[in-house]
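The values are calculated or read from the model by the stated rules, or taken from the named source; none is laboratory data. Remember, it's a predicted structure, so these values are computed and weren't measured experimentally. No Cβ is skipped: glycine too gets one built from the backbone with ideal geometry, and neighbour counts run over all protein chains shown.
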Amino acid sequence: MTFQFASRMQHVGPSAIRELLRLGADPDVISFGGGYPDASLFPTDALSRLFGDVLAAQGATALQYIVSNGIAPLRAQIAERAWRDGIACDADPERGAAGAGPGGEDDARSG
């Protein structure tokens, strides 16, 4: 099957993010961009156990998207831990965020 694109597409260059990720995959490059931490530092055994526990308890629900203000029990656990660490906060869903997008937006608005 042949696709015909608009002629303006001939001038579209490669994605800068895609280039960063390509360069970051090179083992001879130490990348400080594109989200490429040293994979040997990932706690794969611990994560495997945790993922297994979550999937056993939650099943496929654990793999679904959630509302952008996060999961109420998790917000409560985070708030409780913060209080123990001397950080005053609560589990208010209006201030919670699931992901960089909503969190960044909240940060921008509070500035």
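For the reader, a short list of remarks on this structure follows.
- Where a residue in region 1-30 is assigned to a loop (DSSP other than H, G, I, E, B) and its partner, wherever it lies, is surrounded by 10 or more Cβ atoms within 10 Å (Cβ to Cβ), with Cβ under 8 Å and at least six apart: Ala25/Tyr36; Val29/Leu23
- Number of residues in region 68-85 that are at pLDDT below 90 and surrounded by 11 or more Cβ atoms within 10 Å (Cβ to Cβ): the value is 7.
- Filtered residue count, region 47-67, keeping only those that are under 30 Å from Arg18 (Cα atoms) and without any contact (Cβ under 8 Å) to a residue 24 or more places away in the chain: 7
- The numbered conditions (1) aliphatic (A, V, I, L, M); (2) surrounded by 10 or more Cβ atoms within 10 Å (Cβ to Cβ); (3) part of a helix (DSSP H, G or I); (4) out of contact with any Phe, Trp or Tyr (no Cβ under 8 Å at 6 or more places or on another chain) are all true for Ala56 except (2).
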